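Please treat every number below as a calculation from the coordinates, not as lab data. It should be emphasised that the depicted structure is a prediction, and the values quoted were computed from it without experimental measurement. Cβ atoms come from the backbone with ideal geometry, glycine included; neighbour counts cover every protein chain shown.
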There are 2 protein chains.
Amino acid sequence: MQAKIQDVQPICAVDYAFRRIGGKYKGRLLWYLHNHQVLRYGELRRSIVDITPKMLTQTLRELEEDGLIHREVYHEVPPKVEYRLTTVGQELVPFIEHLRDWGMQQMRKENIPMIGDTNCITND
Amino acid sequence: MQAKIQDVQPICAVDYAFRRIGGKYKGRLLWYLHNHQVLRYGELRRSIVDITPKMLTQTLRELEEDGLIHREVYHEVPPKVEYRLTTVGQELVPFIEHLRDWGMQQMRKENIPMIGDTNCITND
DNA sequence: CTGAATCCCCCAAGATACTG
DNA sequence: CAGTATCTTGGGGGATTCAG
């Protein structure tokens, strides 16, 4: 488990913000949730191609505890759980969007190959 | 040493961009360099209060190799080395700025204490 | 003053198997 | 379907010492 954001006193706001969206998968997770509005656990698992169930759950829990995403459980058989961005989470979208644009530009300029889609959009 | 950005094929642009500015100190380093235009090694060491010489050098080298900062060596006694953002590095400033604003707002709302300055500005 | 060189540790992340 | 439970590991990062 990553150290909770509340448990470590940040040096400054930049430090705080970077720690809050840091980690290997948080950026993509937020981005995919933004693109699809709402995604189920299995859909996220297929979107983040290189993630294991453990890391997916762990990252989702951290983002939830952190107030960036909302988790909705439907008590059905079979189970169904939906994830979506909270209002606070949505405030981060412009940032991720611009960062993605910058990343795309850099990759084009440097001719860097990638595994997935150019726009970071999944198909399902 | 962190795996070089060129050596790991990114999943998508978001993945790429996050990996390129990831790490514990890169964000603050870029931010401080933006605020002061140019900083010497020792000034950076005092700005990033929680960094060790090893991590400072390592992070600076990664950012340099990555084309985000420029390193200028003055062959004097005593030695003098200056760091500044490159053009590509400067393109990242708006995002860091936006992220910092978001972080400040969150910290104010949640009443989170911090160690350094609210604006992430150092004094020297 | 600006680093380099070691040694070491912790924990984020991976692999695998299992469950309500 | 949506997760847990263990075990393992790689390397990011820390502490300390030395150097030009």
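Numbers for the structure displayed
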read-out	value
Amide H within-cut-off set for B:HIS70, under 5 Å, with H built and near neighbours excluded	B:ARG84, B:LEU85, B:THR86
Along each principal axis, Cα extent of the stretch A:13-110, largest first, Å	49, 30, 23
Pseudo-label separations to other copies for A:LYS80 - Cα-to-Cβ vector, 7 Å, nm	6.9
Rounded D (µm²/s) - the protein assembly as shown, Kirkwood Rh over Cα pairs, Stokes-Einstein at 37 °C, 0.692 mPa s	171 µm²/s
Shielding of A:91-103 by partner chains, average beta-carbon count, 10 Å	6
Estimated 222 nm signal from helices in chain B, with DSSP H stretches of n ≥ 4 weighted -39500 (n - 2.57), rounded to 500	-15000 deg cm²/dmol
Note, ³J(HN,Hα) from phi for the stretch A:38-53, Karplus 6.51, -1.76, 1.60, rounded to Hz, x at Gly and Pro	9, 9, 8, 3, x, 5, 5, 4, 7, 6, 7, 4, 9, 9, 9, x
Per the axis that maps chain B onto chain A, nearest residue of B (Cβ criterion) and its distance in Å	B:PHE95, 3
In nm, spacing of pseudo-spin labels at A:GLN90 and A:TYR74 (7 Å Cα→C-beta vector)	2.2 nm
For the stretch B:30-83, alpha-carbon Rg over 2.2 N^0.38 Å	1.08
Other-copy label distances relative to A:GLU97, 7 angstrom Cα-Cβ extension, nm	1.8
Distance from the stretch B:77-124 to the stretch A:93-124 (C-alpha centre basis), Å	24 Å
Mean separation of Cα contacts under 8 Å (6+ apart) over length of chain A, as relative contact order %	26 percent
